[in-house]
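Undergrad: Shown below is the structure under consideration.
The values are calculated or read from the model by the stated rules, or taken from the named source; none is laboratory data. Values in this document were obtained by computation on a predicted structure and should not be read as measured data. Cβ placement follows ideal geometry from the backbone for every residue including glycine, while neighbour counts extend to all protein chains displayed.
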Amino acid sequence: MTEIQTIEGDFDCGNARFGIAATRFNGFVVESLVSGAVDALRRHGVESQRIRLVRVPGAYELPLVVRRMARSGSYDALIVLGCVIRGSTPHFDYVAGNAASGLSTVMLEEEVPIAFGLLTTDTIEQALERAGTKAGNKGNDAALTAIEMVSLMDRLQG
């Protein structure tokens with residue numbers, strides 16, 4: 001039996017440029033995500049001048065800002081960081097659902113990898129767990145995804 005060719009990314013991102021779009025809403029959680037993402041990028045050799053942080057009011061505004069970032073041609077991958085915590089109204093469903101759908105659309109239309117680090121949790125405790133305590137730091141995870149996707153996309157071009 002012949003061996004199947006496998007193509008996958010790694011964590012060598014060369015001189016890739018990364019944009020981080022981070023929400024200000026629920027900043028007490030999001031700042032930990034940003035720190036985790038920047039730390040992961042730096043640990044993998046990404047110099048500060050190849051990282052740009054863009055602040056966005058909230059999750060609902062992310063798709064528009066991220067589309068503008070993707071279209072600029074300035075980034076090889078984008079990292080989206082934010083936190084939407086379920087309340088007692090349907091507001092959560094509209095914000096989280098539309099943000100996720102919009103970001104997916106941007107990624108497919110612009111063909112720029114978007115690492116999804118938008119927490120959608122039921123409680124503040126769950127959000128804090130995912131921002132660096134019990135469940136690790138999802139900002140770190142999103143940055144690693146972005147690095148791997150840059151590598152994978154480069155390999156798929158050739």
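Undergrad: Given (1) within 23 Å of Gly136 (Cβ to Cβ); (2) out of contact with any Ser or Thr (no Cβ under 6 Å at 6 or more places or on another chain); (3) part of a helix (DSSP H, G or I), where does Glu61 come up short, assuming only one miss?
TA: Looking at each condition in turn, Glu61 falls short on (1).
Undergrad: Is it the case that some residue within the stretch 47-58 is at positive phi, under 15 Å from the mean Cα position of the chain (by Cα) and either of a type in the set (Asp, Glu) or outside any helix (DSSP H, G or I) (or both)? Walk me through how you get there before you give the answer.
TA: Kept after step one, since they are at positive phi, are these residues of the stretch 47-58: none.
Scanning the stretch 47-58, I find no residue that is at positive phi, under 15 Å from the mean Cα position of the chain (by Cα) and either of a type in the set (Asp, Glu) or outside any helix (DSSP H, G or I) (or both), so the answer is no.
Undergrad: Then there is this: So which residues in the stretch 1-24 are touching a helix residue (DSSP H, G or I) at 6+ places or on another chain (Cβ under 7 Å) and within 30 Å of Phe92 (Cα to Cα)?
TA: Phe18, Gly19, Ile20, Ala21, Ala22, Thr23, listed by residue number.
Undergrad: Tell me the residue from Arg42, Arg67 that is over 21 Å from Asn137 (Cα atoms) and either of a type in the set (Lys, Arg) or loosely packed, with under 12 Cβ neighbours inside 10 Å (or both), please.
TA: Values: Arg42 fails: over 21 Å from Asn137 (Cα atoms).
On inspection, the qualifying residue turns out to be Arg67.
Undergrad: Hey, among the residues in the stretch 37-46 that are touching a residue at least 12 places away in the same chain (Cβ under 8 Å), of a type outside the set (Gly, Ala, Ser) and assigned to a helix (DSSP H, G or I), which one's farthest from Ile79 (Cα to Cα)?
TA: Selected residue: Asp39.
Undergrad: Residues of the stretch 119-136 being in contact with a helix residue (DSSP H, G or I) (Cβ under 6 Å, 6 or more places away or on another chain) and either surrounded by fewer than 22 Cβ atoms within 10 Å (Cβ to Cβ) or under 24 Å from Ala70 (Cβ atoms) (or both), which ones? Let's see the steps before the verdict.
TA: Within the stretch 119-136, the first condition is being in contact with a helix residue (DSSP H, G or I) (Cβ under 6 Å, 6 or more places away or on another chain), and the residues that meet it are 119-121, 127, 130-132, 135.
Passing the criteria: Leu119, Thr120, Thr121, Gly132, Ala135.
Undergrad: In the list Gly82, Gly58, which residue meets the criterion of being surrounded by 17 or more Cβ atoms within 10 Å (Cβ to Cβ) and small (Gly, Ala, Ser)?
TA: After ruling out the rest, the residue left standing is Gly82.
Undergrad: Take the residues of the stretch 127-143 that are in contact (Cβ under 8 Å) with a residue 12 or more places away in the chain and out of contact with any strand residue (DSSP E or B) (no Cβ under 8 Å at 6 or more places or on another chain): which is nearest to Arg42 (Cα to Cα)?
TA: Among those residues, the one meeting the criterion is Asn140.
Undergrad: In the stretch 94-110, is there at least one residue being assigned to a loop (DSSP other than H, G, I, E, B), surrounded by 12 or more Cβ atoms within 10 Å (Cβ to Cβ) and not basic (Lys, Arg)?
TA: No.
Undergrad: Kindly establish whether Val34 is in a loop (DSSP other than H, G, I, E, B), surrounded by 13 or more Cβ atoms within 10 Å (Cβ to Cβ), at pLDDT 95 or above and not hydroxyl-bearing (Ser, Thr, Tyr).
TA: Against the criterion (in a loop (DSSP other than H, G, I, E, B), surrounded by 13 or more Cβ atoms within 10 Å (Cβ to Cβ), at pLDDT 95 or above and not hydroxyl-bearing (Ser, Thr, Tyr)), Val34 does not qualify.
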